[in-house]
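The values are calculated or read from the model by the stated rules, or taken from the named source; none is laboratory data. None of the values given here were measured: they were computed from a predicted structure. Glycine also receives a Cβ, built like all others from the backbone with ideal geometry; neighbour counts cover every protein chain displayed. With ligands, DNA and RNA removed, areas are computed over all heavy atoms of the protein, side chains included. Shrake-Rupley method; radii C 1.70, N 1.55, O 1.52, S 1.80 Å.
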Amino acid sequence: MAWFNKKSKRIESVPPEERVVKTENVFVKCDSCEEHLYKRDLDEALQVCRHCGHHFRIGARERLAMLFDEGKYEELDAEVISIDPLEFVDSKPYTERLTQAREVSGLPEAIVNARGKVGDHLVFAGAMDMLFIGGSMGSAVGEKVTRLIEHALEEHGAVVTFAASGGARMQEGTFSLMQMAKIASALAQLDEKRLPFISVLTDPTTGGVTASFAMLGDVIIAEPKALIGFAGPRVIEQTIRQKLPKDFQKSEFLLEHGMLDAIVDRREMRDFIIKQLNFMMNPEIRTELEMEKAQRAGRA
Ligand SMILES: [Zn+2]
């Protein structure tokens, strides 16, 4: 008998369908440069690609956690949710869309209102979420933005919004459009009280949101390469019968043409906002303004 007899038990080869390295939830491919990114690194970099700086879209709650001191905030107005005033049905009933949106996004509405401290300043922030019917603005979203401003008026705080929206919510028709005027008039009161409103535009900010509060900020900031516009390029080309320049609805183009105050990388956003608040909420500057106003009133 040979010394080197094969043992009877053969090594079983792994079937081909199991021959994969389990990398699910470990790597993410960048939408822009197609590099593979460690999910953990991406989380640490606030969902920004470290190769090309591409800003991944993020949800409302993540956004708020990135803004507030120690990521802590109190959620406000969660009870304000959409109803179906028109009993609207397109390919499916609006009520069904709402239920689905709540399941998919895990949010009660397309915006989350929050109260907390940012660089020790009292801030009322609202963050929109694309997962909830494309971040569309219906009457509940409009009401929530208005309440955010009213909280700030009452408690003497600043307002910060993060827009991410496809525009007005079609399923609520005119009720959606009315929100634009409602929010704008609340912002006028904020202006009278000389309280700051910082508007941050993220990818994408379009339609009725661009046409109302998103563009009414005392400071308007955008994330890099965000799509920002009112109507889509095809509609504009057909209307004005002209070819549009490349990338004309991107942050960089808008900054160049004076529509924005700054483009800020997400990783520097919080510090940038704190700097703005330090300036705008500065008690010394505020007293000076009050005195000036009183003087002017006295002279009149
Ligand atoms: Zn990339």
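Selection of first residues in segment 104-133 that are among the basic types (Lys, Arg) and of second residues that are part of a loop (DSSP other than H, G, I, E, B), restricted to Cβ pairs under 7 Å at least 6 apart or on distinct chains, gives the following pairs, ordered by first then second residue: 115/73; 117/68.
For (1) of a type in the set (Val, Ile, Thr); (2) under 24 Å from residue 182 (Cα atoms), each residue gets a yes or a no:
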residue	(1), (2)
72	no, no
88	no, yes
96	no, no
101	no, no
122	no, yes
125	no, yes
141	yes, yes
152	no, yes
157	no, yes
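The residues of segment 241-261 that are open to solvent by 90 Å² or more (accessible area, probe 1.4 Å) and assigned to a loop (DSSP other than H, G, I, E, B), listed by number, are 241, 242, 243, 246, 257, 259, 261. Residues that are open to solvent by 80 Å² or more (accessible area, probe 1.4 Å) and over 27 Å from residue 49 (Cα atoms) within segment 262-286 comprise 279, 283, 284, listed in sequence order. Scanning segment 232-258 for residues that are among the hydrophobic types (A, V, I, L, M, F, W, C) and modelled with pLDDT under 90 returns a single hit, 235. Does any residue of segment 157-169 turn out to be part of a helix (DSSP H, G or I) and surrounded by 17 or more Cβ atoms within 10 Å (Cβ to Cβ)? No; the residues of segment 157-169 include none that is part of a helix (DSSP H, G or I) and surrounded by 17 or more Cβ atoms within 10 Å (Cβ to Cβ). Summed over segment 87-115, residues that are open to solvent by less than 50 Å² (accessible area, probe 1.4 Å), among the β-branched types (Val, Ile, Thr) and assigned to a helix (DSSP H, G or I) total 0. The residue of segment 29-86 that is nearest to the ligand (Cβ to nearest atom), among those that are assigned to a loop (DSSP other than H, G, I, E, B) and acidic (Asp, Glu), is 35.
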